[in-house]
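The values are calculated or read from the model by the stated rules, or taken from the named source; none is laboratory data. Quick caveat: nothing in here was measured; it's all calculated off a predicted structure. Positions of Cβ are generated from backbone atoms using ideal geometry, with glycine treated the same way; all protein chains shown enter the neighbour counts. Accessible surface is based on the protein model in full, side chains and every heavy atom, while ligands, DNA and RNA are left aside. Shrake-Rupley method; radii C 1.70, N 1.55, O 1.52, S 1.80 Å.
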Amino acid sequence: MDLHYLFLSLAIILFVGRVFGDIFNKFGLPAVLGEILAGVILGSSVLGIVSPNEIIKVLAEIGIILLLFKVGLEADFHQLKRVGIYAFIVAFVGAFTPMLLGTLISYYILNFSMATSLFIGGTLTATSIGITVKVLDDLGRLNERFAQIVLGAAVLDDIFGVIVLAVLYEYAKKGSIDINGAVVLIIYISTFFILAPIVAKILAKLINIFYEKLKSEEFIPVAIMSMVFFFAFLSHEVGSPEILGAFTVGLALSRRFIIPFALFLKAEEKEKMIIKIEHSTLPIVSILTPIFFVSIGLSLNLKVIDFTSIDFWKISTLLLIVAFVGKLISGFLIKGNLDEKILIGFSMLPRGEVGLIFAEIGKQSKLFDDMLYASIIFVVAITTLIAPISLKILGNKRKQKELF
């Protein structure tokens, strides 16, 4: 792709994505939904004027990494620890229920091969954490108990999704499941999750030393961005999603954690430093995050769907039921009121880019034919679009109950 066409694509993505996001927000709908719809309209589904090339995908990936850093920075670490067991239950049930149901229904009712059935189940496993946290953040509910459960569960869910994808990809190639490889991968990811915040704190102290010597206000945001990208790299190296590295850095530097490089500052100087971190990173997040959500829409080619096919509707309906039930049930296995349980279930619903990755690999591995691929795209699109609307409605109802 010529560089000047890339600039044109980015100009269109940023402007149209922002306009659609603001229009949706003005009508009380989640901005993320407008950004995804902008991608659908700009992409091959409608106008076909922007293609999701590799550079746009990289920028989108940076956008989601920075979004998860921001979420970690604003997260309540102690609340996350308190709801940790609930987050694990939600993640485990929300990942393996659709995996099991999707595999069984695909094999016994839809009569697909076991390899194809397992890949269908895997496609329904993971949650698109970016969509979920952006909607909850926009609603101003990210620090509530249910949202902290969802946040922890969505991070774990993404890890489960990576493990399932790795196992199924090997199965598709070799016809057997490598249990030892899966166990080693789990050990690597667990070790990283435990050690990363500690290493982040050590590096943050080194940043403080440089800051004291250089006396440069501009040094802090640059150093922090370097940390975020470095830990995203380390996270990928151990086999986990890059967002996990960015999230752990955000946690280590969060307002509710002692910021290591501000240990020797006075209270007012500490607060000033925290505000500087937030203000210096927020514009970058605001610019790059919409690229991620628009790119999801760009990747949804709705033209491949034959809406007149009975087989399409049979497959899609069954998989949609599995997609909804498998995630919604996860919220009902924890303590809490009915509103919380339903909010958790719908928060785990969107498949987004994760489902599209599974679908693309399934198609490339010749496990998905055109009909099945179209059905998967349809299921991903429906769960991705319905979840933000549902969360907005449920969140507003909850807020009205709190007021009265």
Of all helices (runs of 4 or more DSSP H) fully inside segment 155-257, the set with 3 or more residues that are of a type in the set (Ser, Thr, Tyr) and closer than 29 Å to LYS57 by Cβ is 179-214
Which of the residues spanning segment 181-202 are open to solvent by 40 Å² or more (accessible area, probe 1.4 Å) and either at pLDDT below 75 or more than 17 Å from ILE159 (Cα to Cα) (or both)?
ILE198, VAL199, LYS201, ILE202
Identify all residues within segment 45-99 that are assigned to a loop (DSSP other than H, G, I, E, B), surrounded by 16 or more Cβ atoms within 10 Å (Cβ to Cβ) and not charged (D, E, K, R); write none if there are none.
SER45, VAL50, PRO52, ALA75, VAL83
Conditions (1) open to solvent by 10 Å² or more (accessible area, probe 1.4 Å); (2) outside any helix (DSSP H, G or I): number failed by LEU356
(2)
Candidates GLU360, GLU340 - the one that is out of contact with any Ser or Thr (no Cβ under 7 Å at 6 or more places or on another chain) and free of Cβ contacts under 8 Å to residues at least 24 places away in the same chain
GLU360
Output the residues belonging to segment 296-329 that are at pLDDT below 90 and either touching a Gly at 6+ places or on another chain (Cβ under 8 Å) or among the β-branched types (Val, Ile, Thr) (or both).
ILE296, GLY297, SER299, LEU300, ASN301, VAL304, ILE305, THR308
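From the list ILE376, ILE361, which one is surrounded by 19 or more Cβ atoms within 10 Å (Cβ to Cβ), in contact with a Phe, Trp or Tyr (Cβ under 8 Å, 6 or more places away or on another chain), in a helix (DSSP H, G or I) and of a type in the set (Val, Ile, Thr)? Show your work before the answer.
Working: ILE361 fails: surrounded by 19 or more Cβ atoms within 10 Å (Cβ to Cβ).
The match here is ILE376.
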What tally of residues in segment 207-228 results from selecting those that are free of Cβ contacts under 8 Å to residues at least 12 places away in the same chain and of a type in the set (Ser, Thr, Tyr)?
2
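In the set LEU385, LEU391, which member is crowded, with 24+ Cβ neighbours inside 10 Å and assigned to a helix (DSSP H, G or I)? Steps first, please.
Values: LEU385 fails: crowded, with 24+ Cβ neighbours inside 10 Å.
The match here is LEU391.
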Subset of segment 17-36 [open to solvent by 60 Å² or more (accessible area, probe 1.4 Å) and either part of a helix (DSSP H, G or I) or β-branched (Val, Ile, Thr) (or both)]:
ARG18, ASP22, ILE23, ASN25, LYS26
Restricting segment 212-243 to residues that are among the hydroxyl-bearing types (Ser, Thr, Tyr) and open to solvent by less than 40 Å² (accessible area, probe 1.4 Å), the one farthest from the chain's Cα centre (by Cα) turns out to be SER216
